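Colleague: For reference, the structure I am asking about is given below.
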Amino acid sequence: MAVAAPIVVLDSTSNANDMDLNRVLLGPGSKTDMGLHLFGTDKYGRDHFSRVILGSRISLTVGFIAVSISLFIGIPVGAFAGYYGGRLDQFLTWAMSVLWSIPTLLLVIALTFVLGKGIVQVFIAVGLTMWVEVARVIRGQFLGEKSKEYVEAAKVLGFSAPHIIFKEILPNTWGPLVVICATNFASALLIESGLSFLGIGAQPPVPSWGGMIREYYPYLITGKAYLSLIPGALIAGSVLSLNTLSTVWSERD
Amino acid sequence: MPAPVVHIDQLSIAFGGHQVLRDFTFTLNPGQTIAVVGESGSGKSVAALMAMGLLDKRAEIKAGAAQLFSEDLLSFSSEKWSDLRGNEVAMVFQDPMTALHPSIRIGRQMEEVLERHTDLNRADREQAVIEALREVEISDPESSSKKYPHEMSGGQRQRVVIAMAMLMKPKLIIADEPTTALDKAVEGTILALLNKLVRESGAALWLISHDLEVVAEVADEVVVLFRGETVETGPAKQVFTAPKHPYTKGLLGCRPPKEGRPFPLPVLDDFLNDTVPSKQADLVAPTAAEEVMTITGLRIGFERRSGFRKTKQWVINGIDVHLNRGETLGLIGPSGSGKSSIGRAIVGLNSFESTAFSYTGDASKIQFIFQDPFSALNGSKRIGWMLDSVLKRHQPELSPLERSKEAQALLEEVGLTAADLNKRPKAFSGGQRQRIGIARALAAAPEVLICDESVSALDVSVQSQVLNVLNGIKKNRGLSMIFISHDPDVIRYMCDRIMELNPLD
Amino acid sequence: MIRFALQKLGQALFTLWGVATLVFFLFTIVPGDSAQMMLGKREDPAALAAVRAKYGLDKPIAVQYANYLKRISPIGWPNDQHGIFKAPDLGESFQRQGQQVTSLIGQTFPNTALLAAAAIGFALLVGGALGAWVSYRPDSFWDKALLTFSSLGMSLPSFFTAVLFAWVFAYLLGPWTGLNLTGSLYSVDDYSGERYLNLKNLILPALTLGIRPVGVILQLTRNSLLQVGAMDFIRTARAKGLRERTVFFRHLLPVASNPIITTVSGWFASLLAGAVFVEIIFGWNGMGKLLVEALNTRDLPITMGCVLVIAALFVVLTTLVDVLYAVLDPRIRAEFF
């Protein structure tokens, strides 16, 4: 039985949205004909463990997509602004400072107002706002690097601007880039869970950590604290590990 | 015999297991000047910082004893140190720009010393500060004391630092490379000033320097350090004129000589292995005068903002430069004279105006060797990639295999090996990096090489190696060269013809 | 100096214009008809046309844009009866008929600002002091412990911290702390109906909102002090024999506080936005609560108004700090004089 339990649990993730009103709000470790409910069941009788596991999928996807979008826009914008300077830089810096003036959470809220509620909208909105941070970091790096002698050497050696930007300078910004990616991943996760908590992120019945906390925080005072504490701890844990990763990376030699 | 100011006995210091100073013994008597001389990594600053109680917390004192004014300084409390510093012992630092607080007026910074160590009232303190500034020959001390560091020149700032150190008439002054960050032209006067003030006050001076020649003028005794070990001590004149240890000989012998242009120069290893070449050929200027490059009426300026207006400030205003084939043209001058701007303008790194610019070949045949060996190479790339990408750009007809053979040949030409192709810059020392920079420039098959302060950041013992490589490739490839430096000895040795530049007003 | 201030002011205005424009275009391309939104579910073509005419929604986009800029600008147009300065007009709420957004925000903004200021004040005090303390003992046990704790604090989503704090301090420990699960700055007395100030209710929300800032400020202070502390002029200050107290307050802190103040000033605005969660959970009657209610009822003018106000505050604060630093730093002062 003990050996079989994990398999049953893993298998039961596919039943994360199965409701059964006969097994509502069972305690952790309860067993039903569905198998073992490690974290008990929720108010619709769904297996809480399965939903928590599935919730990670939303969080990680938001993180990956938001970071990808932000890199796709942020790297070229930051690189060109920093490398070329002048009017192009002034314009791009202005555009960045406009977006930067609106706190990310508000901008995402505004964008979801436009794009409608839902998880896809959150992906896009978060990605569209976070590129600014990538662009700022990359621009700063390029400003610092472009006056270094190796860049001047490349100019004297007759290399083209795209070669200098992408092959010479960009590899040297790798360190700060990884740091900002990890930080952005973490804040994407936080924003997604926040939006889901507000009810404008992932829509039910899609399981998301923020949504679970929204649903179950009133249960804190009914002795079912674990229903919201588990997803909360998971968000904090993921963000902590990402932040730690970025700190470790930025302090390495 | 009065008690020594500092007495250090068999001291060993390590940083994280790495020994930086070994069995260092040192005695400094009142009124005496001793210079501790060594190159980077010799551990010459470590003992001095210890004598100020400013040693980094990570430093471990492995063995030995140290006394300051006949007391065991290793047991001083921080309170005791705080009473001594600025009062009985004072320090002059290397870089006066960073050694002064950027946003406190210099008069105020000096007053703090008096505030801490005396009971003088405000007016008396201000008076003492102005007096001290007058002693270091700063013009108009009253208004100068109200200036911020950035409003002064490097030489003036160092005078302020010296004045600050002298305020309490300390018994010991430690000067860590006090003239290294300054222009060659002010170097002598600052050192002479420091020497004069110290002699007048009867203090002991502990001078730290990388340049044996400079300190030989003022020091009574010299201690030469090499990789943490004391290799030679003795009266300054004697060590300078008749060095005993091979390293000291090398330190002096690697410098370009005052007369003649022997090639190759001896390098440090020659002295350590006792293989100094005895008979050397001299460098000679080319006999035929065939012009490679001519620039007339060269003007270089920078935009400068003052208030709402933009004005153009010229650093070079109407100069003619011409270069013959096979010749080395030297450009010398103090900072601000625009010597580097000329070199940079020729390769297009600066904008410039000229009435005529003629060059026989195409622009990519002019290459540049930079000053800073640490930033001139792209830290994220392997040496092989660097050379290969240049070869691909400039000799597209070569196959990948030919390119890799050529890259190997280039490295060997500058005295490195094929194994170095797979390494990144951080695996190399400053001198090696500079040679890689030369190999990279050679990959573009240049006809003219512009060297902008290319050996200035290097230790003396490494300088000669790089100079030898430059002269070697110049000879073998028939290159023409423009050599830019602030160092008159290096310029005199390297160049067939010299242009002297002075700052414009 | 004047040139620098003017230049910064120009930049700030330019940024504000960009923000206003962005917000306008974001919200005018909202899928769905804003006139219909105002009417709710009613199907009445005549009423729809009347609403369109009243709010100028039947005019071309360019005209609407010009009118919008005119409305929100705090500077009156010439020939206007307002005079030179006027209160920006952020329009009328869709759902709360007849209520001006400006006055709705005016009622709730002070509450949120107080909350954010209390949180930042708490964070500066605690984070700054602890950061300075560990900067004198880098890599010690306490350094590592506090860095770990601050990382943990920075990783907690604020809504979760809010839920947690409410549960622990107001419910589990409620009998000892005497704190309420929810409550605003002003409470209404059950019997007399009078409003009275209830500062106690500020504690938990401010603490919750300040938890992340404490972590960030702690690390920022520590790193900045360590970095500046390694500089030559600090070594000079010690070489002069100055007492550590003097070195710290006169030489180290003024230089090291620059990045901290800059970050905090930029942050204040995002903290106003971040207060959303805390306000909902603790029932704090602030702008965040207003915003979420507006979101759920798709009340466009209120959402737009909140975004504009917070962004404007961000721009104003960062500009002020920039200019202030230029005044204090002789190097910048010299460059622009």
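Every number in this text was worked out from the coordinates using simple rules, so none of it is lab data. Note that the structure is predicted; figures quoted are calculated from it, not measured.
Colleague: Over 21 Å between Cα atoms, which of A:Lys167/B:Lys474; B:Lys184/B:Lys339; A:Lys117/C:Lys70; A:Lys146/B:Lys474 qualify?
Modeller: Exceeds cut-off: A:Lys167/B:Lys474; A:Lys117/C:Lys70; A:Lys146/B:Lys474.
Colleague: May I have the pair-distance distribution P(r) for the stretch B:1-107, computed from all Cα-Cα distances with 5 Å bins from 0 and rounded to whole percent?
Modeller: 2, 10, 19, 23, 20, 14, 7, 3, 1, 0
Colleague: Non-local amide H neighbours of B:Met499 (under 5 Å, H modeled in plane, Pro and chain starts lacking H): which ones?
Modeller: Under 5 Å from the amide H of B:Met499 lie the amide H atoms of B:Gly330, B:Leu331, B:Ile332, each far enough along the sequence or on another chain.
Colleague: Relative contact order (percent) for the stretch B:371-421, with alpha-carbon contacts under 8 angstrom and 6 or more residues of separation?
Modeller: Relative contact order comes out at 37 percent.
Colleague: A further question follows. How big is the Rg/Rh ratio for the stretch B:334-390, C-alpha atoms only, Rh by Kirkwood, two decimals?
Modeller: With Rg and the Kirkwood Rh in hand, the quotient comes to 1.05.
Colleague: From the phi angles alone, apply the Karplus equation (6.51, -1.76, 1.60; θ = phi - 60°) to the stretch B:259-273 and give each ³J(HN,Hα) in whole Hz, x where the residue is Gly or Pro.
Modeller: With the stated coefficients, the stretch B:259-273 comes to 10, x, 10, x, 9, x, 6, x, 10, 4, 4, 4, 6, 5, 9 Hz.
Colleague: Right, here's the next one. For the stretch C:193-318, take every pair of Cα atoms, bin their distances at 10 Å starting from 0, and report each bin as a whole percent.
Modeller: Bins of 10 Å from zero give 11, 28, 26, 18, 11, 5, 1 percent of pairs.
Colleague: Now for a separate question. Determine how many Å³ per residue the convex hull of the Cα atoms of the stretch B:170-270 encloses.
Modeller: 126
Colleague: Got a sec to turn the phi values of the stretch C:120-128 into Karplus ³J(HN,Hα) couplings, 6.51 cos²θ - 1.76 cosθ + 1.60 with θ = phi - 60°, whole Hz, x for Gly and Pro?
Modeller: Ordered by residue, 3J(HN,Hα) equals 5, x, 4, 5, 5, 5, 6, x, x Hz.
Colleague: Working only with C-alpha atoms, what are the Rg and Dmax values of the stretch A:88-220, expressed in angstrom?
Modeller: Calculated on Cα positions, Rg and Dmax stand at 19.6, 68 Å.
Colleague: While we're here: Considering the Cα positions of the stretch C:240-282, please state its Rg to one decimal place and its Dmax as a whole number of Å.
Modeller: Rg, Dmax (Cα atoms, Å): 17.5, 55.
Colleague: Stick to the Cα atoms of the stretch B:216-349, pair each with every other, and give me the Kirkwood hydrodynamic radius in Å at one decimal.
Modeller: For the stretch B:216-349, inverting the mean 1/r across all distinct Cα pairs yields 19.6 Å.
Colleague: Once the convex hull of the C-alpha atoms of the stretch B:352-458 is built, how many Å³ does it hold per residue, rounded to a whole number?
Modeller: Residue-normalised Cα hull volume stands at 113 Å³.
Colleague: May I ask for the equivalent-ellipsoid semi-axes of the stretch C:266-337, computed as the square root of five times each C-alpha gyration tensor eigenvalue and listed largest first in whole Å?
Modeller: With the √(5λ) rule applied to the stretch C:266-337, the semi-axes are 36, 13, 6 Å.
Colleague: Hull surface divided by four, with the convex hull built on the Cα atoms of the stretch A:148-253: how many nm²?
Modeller: Here the figure is 9.7 nm², rounded to one decimal.
Colleague: Enter the per residue convex hull volume of the stretch B:75-153, computed from alpha-carbon coordinates, in Å³ rounded to the nearest integer.
Modeller: Details: hull volume 8.9 nm³, N = 79.
Enclosed volume per residue, from the Cα hull, is 113 Å³.
Colleague: Evaluate Rg over Rh across the stretch A:70-164, taking Cα atoms for both radii and Kirkwood's formula for Rh.
Modeller: Using Cα coordinates only, the ratio equals 1.12.
Colleague: Could you work out [θ]222 nm for chain B from helices alone, using -39500 (n - 2.57) per DSSP H run of at least four and dividing by all its residues? Round to the nearest 500 deg cm²/dmol. Mind showing how you got there, number by number?
Modeller: Numbers: 18 runs with 174 residues, N = 505.
Computed ellipticity for chain B at 222 nm equals -10000 deg cm²/dmol.
Colleague: Using θ = phi - 60° and the Karplus form 6.51 cos²θ - 1.76 cosθ + 1.60, what ³J(HN,Hα) does each residue of the stretch B:72-87 get, whole Hz, x for Gly and Pro?
Modeller: 5, 6, 5, 9, 5, 7, 5, 5, 5, 4, 4, 6, 6, 5, x, 10
Colleague: Based only on the alpha carbon positions, what is the Kirkwood hydrodynamic radius of the protein assembly as shown, in angstrom? Walk me through the intermediate numbers first.
Modeller: On the way: mean 1/r = 0.0290 Å⁻¹.
In the protein assembly as shown this quantity evaluates to 34.5 Å.
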